[in-house]
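Just below is one structure, and these are the notes that go with it.
The values are calculated or read from the model by the stated rules, or taken from the named source; none is laboratory data. These figures come from a predicted structure and were not determined experimentally. Cβ sites come from the backbone with ideal geometry, for glycine too, and all protein chains shown count toward neighbours. Ligands, DNA and RNA are stripped out before the accessible areas are found, and what is left, the full protein with its side chains, is counted by its heavy atoms. Shrake-Rupley method; radii C 1.70, N 1.55, O 1.52, S 1.80 Å.
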Amino acid sequence: MLPIDVEGPVTAEVFTLAMTDFGPLLTGPCGPAPWLIEAGHGEHPIDTVRRLAGSAMPGLRLLHSTSWRFERGAVVLSFLVVMDESRIGEFETVPVHRVDLARSTATEAPPAIGYEQVLEHALRHLAWLAKEDEAVRVALDDRWHDLLEGYVPEPFLQLGG
Amino acid sequence: MQYELTCACGWTTSGDEEEIVEAAQDHGRKLHNMEVTREQAMAMAGPAGAD
């Protein structure tokens, strides 16, 4: 059986994170993995993500876009959502670990981009936002700021081709 | 007849035709911003317990 899957020209890929005393966890209503949402149905993608994520996990701390890429015939917009650990409930979780980024050459895209690398870049972008954006700085607690000190800040990027 | 249906995100549901169609439509709408038709749901469903 082939599973039902998202389709369409724009896909939102949401990484839902919660900070704990043991470090950041990847979680969410669709499991500890990128949460795929169809976007572009006449609604701004960030409004779509805010609507669905806010319904599934009330009281979001932060929502930000971090990168985009072209994959499986669609533009994939990656988003980072930060929720309070008290909202994890029965969601499955996995720890977030540091990984090397997939880098392209001057003229070619990297051969493959795993979701862990997209998430690594998202956290590097969050490190940048935590220093450049007052709203983000205030939304994150001290544990987040301590974690992000270890990330080299990066802007919003196109990943891959 | 009992059916099983799986979403690419790993979510699964089982039940008779009406139950799985309703569950799939609710899941698609709430978590993926998708409108799943009855035909799509049944095209992806299989007999419960089958590999």
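Pulled fully out, how much extra length does the chain show between residue A:156 and residue A:72, if you take 0.36 nm times their separation in residues and subtract their Cα-Cα distance? Kindly include the intermediate steps, with their values, before the conclusion.
Values: separation 84, 0.36 × 84 = 30.24 nm, distance 2.11 nm.
Here the answer is 28.1 nm.
Ignoring ligands, DNA and RNA, what percent of the accessible area of the protein assembly as shown is carbon or sulfur (1.4 Å)? With neighbouring chains kept in place, the figure for the protein assembly as shown is 52 percent.
Using the crude model of +1 on Lys and Arg Cβ and -1 on Asp and Glu Cβ, and no other charge, please compute the dipole size for chain A relative to its Cα centre, in debye to 20. If you can, show how the numbers build up before the last one.
On the way: 12 positive and 24 negative charges, 38 e Å.
Dipole about the Cα centre, nearest 20: 180 debye.
Would you mind checking the tilt of helix B:17-32 against the longest principal axis of the Cα atoms of chain B, expressed as 0 to 90 degrees and rounded to 10? Taking the Cα atoms of chain B, the angle to B:17-32 is about 30 degrees. Our Cα-only numbers for segment B:3-47 put the radius of gyration and Dmax at 9.1, 26 Å.
A simple packing score, the average count of other Cβ atoms within 10 Å per residue, orders the peptides B:29-39, A:28-38 as A:28-38, B:29-39, with the highest score first. For segment A:10-155, place one equal point scatterer on every Cα, skip the solvent, and apply the Debye formula. What is log10 of I(q)/I(0) at q = 0.17, 0.18 Å⁻¹? The calculated log intensity ratios at q = 0.17, 0.18 Å⁻¹ are -0.97, -1.10.
Solvent-accessible surface (1.4 Å probe) assigned to residue B:14 amounts to roughly 80 Å².
In Å², rounded to the nearest 100, what is the total accessible surface buried by chains B and A against each other with a 1.4 Å probe?
Approximately 1400 Å² gets buried when B meets A.
Antiparallel as a % of all DSSP beta bridges within the protein assembly as shown, to the nearest 5?
70 percent
Here the simple spin-label model places points 7 Å from the Cα toward Cβ, and for residue A:94 and residue B:26 these points are separated by 2.8 nm.
Where does chain A land at 222 nm, in deg cm²/dmol rounded to the nearest 500, when only DSSP H runs of n ≥ 4 count, each adding -39500 (n - 2.57), divided by all residues?
On the way: 4 runs with 43 residues, N = 161.
Result for chain A, helices only: -8000 deg cm²/dmol.
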